[in-house]
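What follows is one structure encoded as structure tokens, with my remarks underneath.
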Amino acid sequence: DPQLNSSGMQLDQQAIIMAETESRIASILNTGPGEQISTPFAVLIGKCDLWEDYLSTPEGGGKPLLPAVVNGKLIRENVEANSQRLRKLMMKIQPAICTTAESISDNVRYFAISQLGCSPVTFEDELTGVTRIGPDPNGIAPRYMCDATLWMLSLLAPDYIPTV
């Protein structure tokens with residue numbers, strides 16, 4: 001992925017962002033130290049087009065993610081199974097995300113997403129001649145983008161989201 005090779009790329013500070021999220025939620029809801037909310041809390045793990053194949057390796061669990069929606073119905077069992085696998089992966093690579101999310105809410109689920117479904121490509125800007133990075137219009141195929149929203153809606157407005 002050209003984004004990972006950019007010399008000017010700075011690593012995201014996800015743990016800091018998550019800690020700030022916790023602080024803001026506590027401030028807005030006036031919760032005390034260590035007090036969890038029961039509101040559903042989705043942790044979205046992006047760029048799964050780069051790492052999703054790892055899940056099918058023996059180290060990653062040996063199988064792909066399960067479909068969250070089948071025949072127009074949200075399959076809660078699959079959401080749970082995927083979330084547990086993704087949490088396990090996150091505990092290996094960024095445990096602070098999990099511990100902070102789980103200190104915020106007692107109802108956390110983890111979701112893989114890929115906004116574009118493919119890595120961006122490098123191209124030369126015709127106006128400036130500068131090399132840039134952008135989406136490949138022929139490869140755009142977003143994945144899993146609705147799963148977290150459907151899960152939340154199934155809990156907050158269950159009459160509107162068919163589930164199994």
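The values are calculated or read from the model by the stated rules, or taken from the named source; none is laboratory data. Keep in mind that this is a model prediction, so the values were computed, not measured. Heads up, the Cβs are rebuilt from the backbone with ideal geometry, glycines too, and the neighbour counts pull from every protein chain shown. For the accessible areas, the whole protein counts, side chains as well, though only heavy atoms, and no ligand, DNA or RNA atoms are used. Shrake-Rupley method; radii C 1.70, N 1.55, O 1.52, S 1.80 Å.
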Worksheet item: In the stretch 118-164, carbon and sulfur make up what percent of the accessible area (probe 1.4 Å)?
Response: 59
Fill in: Helical contribution to [θ] at 222 nm, DSSP H n ≥ 4, -39,500 (n - 2.57), averaged over the chain, rounded to 500
-11000 deg cm²/dmol
Worksheet entry | Value of relative contact order over the stretch 35-164, rounded to a whole percent, pairs C-alpha under 8 Å and six or more apart | 32
Worksheet item: When all alpha-carbon pairs of the stretch 52-151 are counted, what percent fall beyond 16 Å?
Response: 67
Worksheet, complete the sentence: Among Ser114, Ser103, Ile25, the residue whose Cα sits farthest towards the positive end of the charge dipole of the chain, when +1 is placed on the Cβ of each Lys and Arg and -1 on the Cβ of each Asp and Glu, is Ser103
Response to the item:
Between Glu126 and Gln94, Cβ-based FRET efficiency (R0 30 Å, step 0.05) works out to 0.20
Worksheet entry | Average accessible area per residue (Å²) across the stretch 37-163 - probe 1.4 Å, nucleic acids and ligands excluded | 57
Worksheet, complete the sentence: Thr21 and Leu44 label points (each 7 Å along its Cα→Cβ direction) are spaced in nm at 1.0
Discussion item. Students often forget the sequence filter, so: which aspartates and glutamates lie under 20 Å Cα-Cα from Lys92 once same-chain residues fewer than 8 apart are removed?
Written reply: Asp12, Asp49, Glu52, Asp53, Glu59, Glu80, Glu102
Response to the item:
Phi angles of the stretch 126-133, converted by Karplus (6.51 cos²θ - 1.76 cosθ + 1.60, θ = phi - 60°) into ³J(HN,Hα) in whole Hz with x for Gly and Pro, give 5, 7, 10, x, 7, 6, 10, 10
